[in-house]
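Scroll down for the structure; my scribbles are underneath it.
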Amino acid sequence: MEQEKTETTAAATETGKPKSNAELWLRGLFMLFFLVVTRLVEFVVLALLVVQFLYKLITKKPNQPLLDFGQSLSSYLYGIVRFQTFNTEVRPFPFSAWPSSAGQTTIETKPVEVSAEMERSGGAVPPTQAQAS
């Protein structure tokens, strides 16, 4: 009997389906919790964008730690959406580890090449290039 229960648990975990209605209702409570968390994170994103904008306005370059935090925050929101849409059974932070940015955002400092034709047209794509695209 115990072995059947273990096999059922393993099968439910692998397929991502809740084992019972009680687990589905519990998941619904977690989904409501993460709905509230999502709204709170929106305020953090607002603060982050204001600080990053002001930093770039003053220094002319983005702040790397803020970029990294923004990347991990977007990964966190992605995890919440995956959980809420039943794409995963893994509950996001605080029930699992905070996602790391792990070097996913590095500031690219290579200059953008602008052709003389684009400069004359004020940045518009010349008709010959637009037709070729």
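The values are calculated or read from the model by the stated rules, or taken from the named source; none is laboratory data. Predicted model only: the values in this text are computed from it and were never measured. In this analysis, Cβ positions are derived from the backbone assuming ideal geometry, glycine residues included, and neighbour counts consider all displayed protein chains.
Among the residues of segment 50-97, those identified as loosely packed, with under 11 Cβ neighbours inside 10 Å and either under 14 Å from the mean Cα position of the chain (by Cα) or basic (Lys, Arg) (or both) are Lys60, Lys61. Residues being of a type in the set (Lys, Arg) and at pLDDT below 85 are represented in segment 107-115 by at least one member.
Assess whether Phe53 counts as being modelled with pLDDT of 95 or more and out of contact with any Gly (no Cβ under 7 Å at 6 or more places or on another chain). So Phe53 passes the test.
Residue check: Ala47 meets all listed conditions (1) surrounded by fewer than 11 Cβ atoms within 10 Å (Cβ to Cβ); (2) among the small types (Gly, Ala, Ser); (3) at pLDDT below 95 but one, namely (3).
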